[in-house]
Structure formats: structure tokens, C-alpha cells
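J.: Got a structure for you, written out below as C-alpha cells; questions coming shortly.
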Amino acid sequence: FKDHFQPGIYVCARCGHELFSSRAKYEHSSPWPAFTETLRGDSVAKRQERPGALKVTCGKCGNGLGHEFLNDGPKRGQSRF
């Protein structure tokens, strides 16, 4: 879904929990889709993995979603999921 930019909601592949809106998606050089924010506060769970990076899982079922990279978004101070 890296190059997919149709309007909609991205959901967890395991349980269907709503995670990200297409409005928060942006082009990035990583091989994965990139988002600036989650859909809701309970969309994901986060835990510190290393400085500047949080491990991100589905807020409902715990499915692994990758990382939140702090201060690596398209604008100063934004994160990249």
C-alpha cells in the first residue's frame, strides 16, 4: 500500500481495527506506507524500543505494525508511523 493514495481508512490485517486515515498518509522514501498520526488515540499501542523509535501494535489485538519514528514526519515535530 506504499503507493496507494485512495481516500479511506487503513485497518489492522488481523482484526479489522481502524488504524490510520488516508488523510494522514504521505509519500516517503521508506518501502512501507507512512502516516503522520493515528485515526484515534486507541488505534495503536506504543512502547519505547530505542531512543527516537516506539514499537507500535494494534490497539485492539496487539498485531505488530512497525514503529513510530519521532520527529521524522514531513513537518518539524511530526512523527512518522
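The values are calculated or read from the model by the stated rules, or taken from the named source; none is laboratory data. No experiment lies behind these values; they were computed from the predicted model shown. Don't worry about glycine lacking a Cβ; one is built from the backbone with ideal geometry, like all the others, and counts go over all protein chains shown. For the accessible areas, the whole protein counts, side chains as well, though only heavy atoms, and no ligand, DNA or RNA atoms are used. Shrake-Rupley method; radii C 1.70, N 1.55, O 1.52, S 1.80 Å.
J.: In percent, what relative contact order does the chain have, based on Cα pairs under 8 Å that are 6 or more apart in sequence?
T.: 22
J.: How large is the accessible surface per residue of the chain, computed with a 1.4 Å probe and reported in Å² as a whole number? Can you show the working numbers first?
T.: Numbers: 5270 Å² over 81 residues.
Each residue of the chain exposes 65 Å² on average to a 1.4 Å probe.
J.: Please report, as a whole percent, how much of the solvent-accessible surface of the chain comes from carbon and sulfur atoms (probe radius 1.4 Å).
T.: The value for the chain is 49 percent carbon and sulfur by accessible area.
J.: Sorting check: for 34-46, 6-18, which peptide has the highest mean count of neighbouring beta carbons within 10 Å, and how do the rest follow?
T.: Descending packing order for the listed peptides: 34-46, 6-18.
J.: Sort the chain into rounded, prolate or oblate with this rule: let a ≥ b ≥ c be the square roots of the eigenvalues of the Cα gyration tensor; rounded if a/c is under 1.5, and if a/c is not under 1.5, prolate when a/b is larger than b/c, oblate otherwise.
T.: Since a/c reaches 1.5 but b/c is at least a/b, the shape of the chain is classed as oblate.
J.: Determine the dipole magnitude for the range 9-69: charges of +1 sit on the beta-carbon of Lys and Arg, -1 on that of Asp and Glu, nothing else is charged, the reference point is the Cα centre, and the result goes in debye to the nearest 20. Each step should come with its number before you reach the end.
T.: Working: 9 positive and 6 negative charges, 32 e Å.
Roughly 160 debye for the range 9-69.
J.: May I ask you to compute the full-extension gain from K46 to V11, defined as 0.36 nm times their residue separation minus their alpha-carbon distance, rounded to one decimal in nm? Intermediate values should be presented prior to the final figure.
T.: Working: separation 35, 0.36 × 35 = 12.60 nm, distance 1.66 nm.
My answer for the length gained is 10.9 nm.
J.: Within 10 Å, Cβ to Cβ, of S21, how many net charges do the neighbouring residues add up to if Lys/Arg are +1 and Asp/Glu are -1? Kindly include the intermediate steps, with their values, before the conclusion.
T.: Numbers: positive: R23, K25, R40; negative: E18, E37.
Around S21, the charge tally is +1.
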